[in-house]
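Engineer: One structure coming up, written as structure tokens, with questions to follow.
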Amino acid sequence: MVAGGGAAGFFGAIAAAEKNSQASVVLLEKGVHLLSKVRISGGGRCNVTHACYDPRELSLRYPRGGKALIGPLTRFGPEETVAWFSSRGVKLKTEPDGRMFPVTDSSQSVIECLTQAAQKAGVNVVTQSGIQSVSTLPDGGFHLQLSHGTTMECRRLLWAAGGCGQGPHPLTPLGHRLNSPVPSLFTFHLADDWIRSLAGLSIQDAEIAVPDLHLRERGPVLLTHEGLSGPAVLRLSAWGARAMHERSYRFPLSLDWIPGQSPEKSRQEIQNRRKDQGAKTLLRSGWPPLPSRLWEQLCGFAGITPDERWSKFSREKEILLLRELHQKKLQVVGKSMNKEEFVTCGGIPLEEVDMKTMESRKVPGLYFAGETLDIDGITGGFNFQAAWTTAWIAGQSMAEGG
């Protein structure tokens, strides 16, 4: 029996059914729709995995659970994932940043691959059948109370029902603990109204830091109607998920808009412009690669007037402008979940799981895969890879027992 009709649930069910064709594999999904997160991932393209083939290096992309994943990744990592999908007709391509997508650029290709593989392997998929409670049977196996009032029994159970939510969990009565769930991969709400006036601007290379938490990330940053988003922000939120939650998502941050250029180089550039562009106004000169509207805002914060020219640019304002360019102070006052990459930090503690088999150390015959485990990665295909890895191992392990 497999609980959960998402990526991990399907992959685990397929692995078990393909490993043991004599086994009866049933997949239960509480909702109407299957593989919903696969469908919306990557803007509808599905970021299947990441082109990082060294397990130890790959493990560094997981704020929680990375070390425990090293062993499992040596058995089923990105290379095996690529081969698995390729053998079933879904070729993957690698983007410059390492993310891997179907060559079709459509998540539907992945959905059809998984559903067809499950059907071919003989997996019985049942929707609108969530598990309300789980109890063990005297002779081994499990008694399941389903959401629509019926019951089922099974010898082995793979729990792949996604991230744990608030409230009671069906597995805690069996003796498992839960590391409390908090959001990961979220965007930042800012108290600064001027950011909203620049909504839609994208900075391709910025460095964002939360000094109080000793966190720093570099990469694309998107200005939104609520604050900041983009890959660098999402990665930062993943590493700081628990600490930011403890601070109620209120903390100061610092932005370097042009990290590829040191403050000293910026200072030298200002000096050069005084000499070479003295007659030009600062606002009309711009500062590539910054968008002109952002440049004008930063100049305004430095006290620069629209008609101020480089030849008259004071040393005092130079100091203020350098701070705006390289150490812009902002205040985070809340968060929004990134709908495409919704991930929770928390779940079944890994010390309660045998990572060689994904079987519970407390309840024989109970297995785990995907987000139900206290494993989460940054953006870039790492969370899906953890799902494929843990689900494949769990499915194989379940099938070996018949």
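Engineer: Scan the stretch 240-265 residue by residue and report those that are part of a helix (DSSP H, G or I) and surrounded by fewer than 20 Cβ atoms within 10 Å (Cβ to Cβ).
Structural biologist: Within the stretch 240-265, R242, A243, H245, E246, P263, E264, K265 meet the criteria.
Engineer: Follow-up. Which one is surrounded by the fewest Cβ atoms within 10 Å (Cβ to Cβ) among residues in the stretch 1-33 that are under 20 Å from the mean Cα position of the chain (by Cα) and not in a helix (DSSP H, G or I)?
Structural biologist: The residue in question is G6.
Engineer: Additional query: Which of the residues that make up the stretch 73-112 are aromatic (F, W, Y), assigned to a helix (DSSP H, G or I) and more than 16 Å from W392 (Cα to Cα)?
Structural biologist: Across the stretch 73-112, there are no qualifying residues.
Engineer: With respect to G162, determine if the residue is at pLDDT below 95, in the same structural domain as T136 (by TED's automatic domain parsing) and crowded, with 21+ Cβ neighbours inside 10 Å.
Structural biologist: It is true that G162 is at pLDDT below 95, in the same structural domain as T136 (by TED's automatic domain parsing) and crowded, with 21+ Cβ neighbours inside 10 Å.
Engineer: In the stretch 300-319, which residue that is farther than 11 Å from L282 by Cα and out of contact with any Lys or Arg (no Cβ under 6 Å at 6 or more places or on another chain) is surrounded by the fewest Cβ atoms within 10 Å (Cβ to Cβ)?
Structural biologist: Among those that are farther than 11 Å from L282 by Cα and out of contact with any Lys or Arg (no Cβ under 6 Å at 6 or more places or on another chain), it is R315.
Engineer: Here is a follow-up. Within the stretch 37-65, track down each residue that is over 19 Å from L373 (Cα atoms) and either outside the structural domain of T104 (by TED's automatic domain parsing) or not in a loop (DSSP other than H, G, I, E, B) (or both).
Structural biologist: Listed by number, the residues that qualify are R39, I40, S41, G42, G43, G44, H50, R56, E57.
Engineer: Name the residues in the stretch 134-155 that are without any contact (Cβ under 8 Å) to a residue 40 or more places away in the chain and in a strand (DSSP E or B), would you?
Structural biologist: Hits for the stretch 134-155 are S135, H143, Q145, T151, E153.
Engineer: Continuing with this model, one more query. It is to be established whether one or more residues within the stretch 165-183 are surrounded by 20 or more Cβ atoms within 10 Å (Cβ to Cβ), under 21 Å from A23 (Cα atoms) and out of contact with any helix residue (DSSP H, G or I) (no Cβ under 6 Å at 6 or more places or on another chain).
Structural biologist: Scanning the stretch 165-183, I find no residue that is surrounded by 20 or more Cβ atoms within 10 Å (Cβ to Cβ), under 21 Å from A23 (Cα atoms) and out of contact with any helix residue (DSSP H, G or I) (no Cβ under 6 Å at 6 or more places or on another chain), so the answer is no.
Engineer: Taking V182 and the conditions (1) touching a His at 6+ places or on another chain (Cβ under 7 Å); (2) part of a loop (DSSP other than H, G, I, E, B); (3) not charged (D, E, K, R), which numbered condition does it fall short on, given that it satisfies the others?
Structural biologist: All conditions pass for V182, except number (2).
Engineer: Six or more apart or on different chains, Cβ atoms under 7 Å: show the pairs whose first residue is in the stretch 243-265 and in the same structural domain as L322 (by TED's automatic domain parsing) and of a type in the set (V, I, T) and whose second is assigned to a loop (DSSP other than H, G, I, E, B) and at pLDDT 95 or above.
Structural biologist: Going by the 7 Å Cβ cut-off, the qualifying pairs are I258/L290.
Engineer: What do you reckon, is G200 among the small types (G, A, S), at positive phi and either in a helix (DSSP H, G or I) or over 27 Å from the mean Cα position of the chain (by Cα) (or both)?
Structural biologist: no
Engineer: Could you tell me which numbered condition V134 fails, if it satisfies all but one of (1) loosely packed, with under 14 Cβ neighbours inside 10 Å; (2) more than 17 Å from V38 (Cα to Cα)?
Structural biologist: Here V134 meets the rest and fails (1).
Engineer: I've got another one for you. Considering only residues that are crowded, with 20+ Cβ neighbours inside 10 Å and out of contact with any Lys or Arg (no Cβ under 8 Å at 6 or more places or on another chain), look in the stretch 47-62 and name the one that is nearest to Q108 (Cα to Cα).
Structural biologist: V48
Engineer: Working carefully through the options E217, E207, E226, find the one that is touching a Pro at 6+ places or on another chain (Cβ under 7 Å) and either outside the structural domain of W310 (by TED's automatic domain parsing) or crowded, with 16+ Cβ neighbours inside 10 Å (or both).
Structural biologist: E207
Engineer: In the set Q268, Q277, Q297, which member is surrounded by fewer than 13 Cβ atoms within 10 Å (Cβ to Cβ) and either assigned by TED's automatic domain parsing to the domain that holds K329 or not aromatic (F, W, Y) (or both)?
Structural biologist: Being surrounded by fewer than 13 Cβ atoms within 10 Å (Cβ to Cβ) and either assigned by TED's automatic domain parsing to the domain that holds K329 or not aromatic (F, W, Y) (or both) holds for just one of Q268, Q277, Q297, which is Q268.
Engineer: Look through R196, R235, R247, R242 and report the one residue that is of a type in the set (K, R) and over 19 Å from G346 (Cα atoms).
Structural biologist: None of the other options fit; the residue is R196.
The values are calculated or read from the model by the stated rules, or taken from the named source; none is laboratory data. All values reported here derive from a predicted model rather than from experimental measurement. Virtual Cβ from ideal backbone geometry, glycine too; neighbours counted across all protein chains shown.
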